[in-house]
Amino acid sequence: MAFVLDEDEQVSCDGDFVFYGAPESPDGAVRLLCDGPTEQSVTVDPTVLPPAVRRVAIAAAIDGAAVFGDIGAVQITLAPGSDAPVTAQATLDAATSERTLLLAELYRRGPLWRFRAVGQGYDQGLEDLVRGYGVEVK
């Protein structure tokens, strides 16, 4: 999943929360692509993002009783296109009891977009992370 965030680290609308139930942001700049249960991709077109967007946070969550410690390492790769060579890669493998992981961020620094692997886990599940970014949970 992905969160399209402003300078206050909040979504401007619930549509800026991209996940399996809403796989594309309203402007089409951020999309979730699923290739089975283990391969997901988030594509971001920074040229389409509104100027108010400062960050795109990318996360993953597990349904059911499983935790990331059960799954093992999570691989994150960054490439400037689907067929382009990988320009950055990170392996997150220290998870234990976490059900939600903040994996990475694309963030604006001046006129440039940068990438940062994060790997921050949350035991309590997705709802707290979603609310923290200003998404209304119904």
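The values are calculated or read from the model by the stated rules, or taken from the named source; none is laboratory data. Since the model is a prediction, treat every value here as computed from it, not as a measurement. Reconstructed Cβ throughout: ideal geometry from the backbone, glycine too, with neighbour counts over all protein chains shown. Ligands, DNA and RNA are stripped out before the accessible areas are found, and what is left, the full protein with its side chains, is counted by its heavy atoms. Shrake-Rupley method; radii C 1.70, N 1.55, O 1.52, S 1.80 Å.
Can you tell me which of 57-70, 74-87 comes out highest on packing, and rank the rest after it, using the mean Cβ neighbours within 10 Å?
Per-residue mean Cβ counts within 10 Å order the peptides as 57-70, 74-87.
Normalised by the number of residues in segment 13-54, what is the relative contact order in percent for Cα pairs under 8 Å and 6+ residues apart? Don't skip to the end; give the middle numbers.
On the way: 47 pairs, mean separation 11.6, N = 42.
Relative contact order, segment 13-54: 28 percent.
Using DSSP loop states and a limit of at most 11 other Cβ atoms within 10 Å to flag GluC sites (Glu not before Pro), what is the longest stretch of the chain containing no flagged site?
Of all site-free stretches, the longest is 40-135.
Rank these residues by their accessible area, most exposed first, probe 1.4 Å: 126, 5.
In descending accessible area the options line up as 126, 5.
Using only DSSP helix segments of four residues or longer, with each worth -39500 (n - 2.57), what per-residue ellipticity at 222 nm results for the chain after dividing by its residue count and rounding to 500?
-1500 deg cm²/dmol
Calculate how large, on average over all directions, the projected area of the Cα convex hull of segment 1-93 is; give the answer in nm² to one decimal.
Seen from a random direction, the Cα hull of segment 1-93 projects 6.9 nm² on average.
If you add up the charges near residue 100, with Lys and Arg at +1 and Asp and Glu at -1, over every other residue whose beta carbon is less than 13 angstrom from its beta carbon, what do you get?
-3
What number comes out for accessible area per residue over the chain if the probe is 1.4 Å? Units Å², please.
Numbers: 8120 Å² over 138 residues.
Solvent-accessible surface per residue comes out at 59 Å².
For segment 43-138, evaluate the Debye formula with one uniform point scatterer on each Cα (no solvent term) and list log10 I(q)/I(0) at q = 0.17, 0.23, 0.24 Å⁻¹, rounded to two decimals.
At q = 0.17, 0.23, 0.24 Å⁻¹ the computed log10 ratios are -0.86, -1.22, -1.26.
Roughly how many percent of the accessible protein surface of the chain is carbon and sulfur, given a 1.4 Å probe and a whole-percent answer?
Taking all protein chains in place, the chain shows 49 percent carbon and sulfur surface.
Cut-off 18 Å, label point 7 angstrom out along Cα-to-Cβ of residue 137: give me the residues of segment 65-82 whose amide nitrogen falls inside.
From segment 65-82, the list is 65-68.
If each residue of separation counts as 0.36 nm, what is the full-extension length gain between residue 116 and residue 24 once their alpha-carbon separation is subtracted? Intermediate values should be presented prior to the final figure.
Values: separation 92, 0.36 × 92 = 33.12 nm, distance 2.18 nm.
Between residue 116 and residue 24, full extension yields an extra 30.9 nm.
Relative contact order for segment 48-117: what is it in percent, counting Cα pairs under 8 Å that are at least 6 residues apart?
Relative contact order comes out at 37 percent.
At R0 = 35 Å, how high is the FRET efficiency between residue 48 and residue 70 if r is their beta carbon distance? Nearest 0.05 is fine. All intermediate terms of the calculation are to be shown ahead of the outcome.
Details: r = 37 Å, r/R0 = 1.05.
Step by step, r from the Cβ atoms, then E = 0.45.
For residue 82 and residue 123, what is the calculated FRET efficiency with R₀ set at 41 Å and r taken between the beta-carbons, to the nearest 0.05?
Working from the Cβ atoms, E equals 0.75.
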